[in-house]
């Protein structure tokens with residue numbers, strides 16, 4: 001039985017822009033990474049390190065220049081199979097939904113995109129609103145929600161298809177500490193009690209320490225360190241993850 005959720009080998013991605021004067025930006029320089037099924041795996045790194053690019057490649061939003069990718073037992077060729085996308089989902093820290101739809105309407109809308117409908121979808125939407133504590137806001141439009149509630153909606157939407165693999169890109173960005181703590185508790189529940197493999201990017205060291213079993217540190221499009229939080233701290237002789245982050249980010 002294959003226990004690998006994600007296996008990336010030699011993933012390279014270059015962004016190209018400009019019409020008359022071509023410009024190239026190397027985003028990923030050969031990422032090798034394996035995430036086991038059931039893990040809550042963290043990816044850390046400074047801004048522009050390539051974290052979001054890597055998640056978007058795993059989700060099939062972006063293509064890669066080269067390298068091999070195995071997701072949930074399927075080898076990914078140039079085209080990303082739709083059947084595999086149905087087994088995955090993603091939540092971004094910058095939640096963006098149709099502004100005029102209510103919380104419940106947004107969840108229903110995204111459920112329909114996954115082929116759901118009828119009483120089953122209605123029940124699932126109610127269950128998810130309860131899970132993320134949004135029942136009292138179910139008839140509130142998206143543009144009327146607080147930052148924290150927008151992020152709760154993003155988390156609810158990412159669970160609508162009961163994914164086997166969940167990608168969370170900066171899930172607590174811009175939140176107050178109390179809301180961040182609630183979101184972290186939800187992420188723990190998703191991983192431990194629902195058995196969903198979670199791949200998480202974050203800038204918050206407390207979040208990484210509290211949630212992640214193993215962590216990869218990316219800088220300049222390459223993985224510079226990988227291990228448990230204790231192993232990363234030992235690598236750079238740091239007292240905690242915040243100090244380890246600073247040391248790893250400063251390394252050439």
Practice item. Determine, yes or no, whether residue 139 is over 27 Å from residue 84 (Cα atoms), touching a helix residue (DSSP H, G or I) at 6+ places or on another chain (Cβ under 8 Å) and surrounded by fewer than 16 Cβ atoms within 10 Å (Cβ to Cβ). Key: yes
Study note, to complete from the structure: Checked the stretch 200-252 for anything out of contact with any helix residue (DSSP H, G or I) (no Cβ under 7 Å at 6 or more places or on another chain), assigned to a helix (DSSP H, G or I) and surrounded by fewer than 18 Cβ atoms within 10 Å (Cβ to Cβ); matches are 206, 230, 231, 234, 235, 243, 246, 247, 249, 250
Point to revise | Sole exception among (1) over 14 Å from the mean Cα position of the chain (by Cα); (2) within 24 Å of residue 183 (Cβ to Cβ); (3) modelled with pLDDT under 95; (4) surrounded by 16 or more Cβ atoms within 10 Å (Cβ to Cβ) for residue 92, by number | key: (1)
Exercise for review: Please go through the stretch 63-122 and pick out each residue that is under 15 Å from residue 159 (Cβ atoms) and assigned to a strand (DSSP E or B).
Suggested key: 88, 89, 90, 91, 92
Point to revise | Residue selected from the stretch 71-89 under the condition closer than 16 Å to residue 61 by Cβ and in contact (Cβ under 8 Å) with a residue 24 or more places away in the chain, by the criterion nearest to the chain's Cα centre (by Cα) | key: 89
Check your understanding: Residues of the stretch 171-181 being in contact (Cβ under 8 Å) with a residue 40 or more places away in the chain and buried (at least 20 other Cβ atoms within 10 Å of the Cβ), which ones?
Key -> 171, 172
Review point. Looking only at the stretch 1-59, which residues are surrounded by fewer than 19 Cβ atoms within 10 Å (Cβ to Cβ), part of a loop (DSSP other than H, G, I, E, B) and at pLDDT below 95?
Key: 1, 2, 3, 18, 19, 20, 21, 22, 46, 47, 48
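The values are calculated or read from the model by the stated rules, or taken from the named source; none is laboratory data. No experiment lies behind these values; they were computed from the predicted model shown. With ideal geometry, Cβ positions are generated from the backbone for all residues, glycine too; neighbour counts draw on all protein chains shown.
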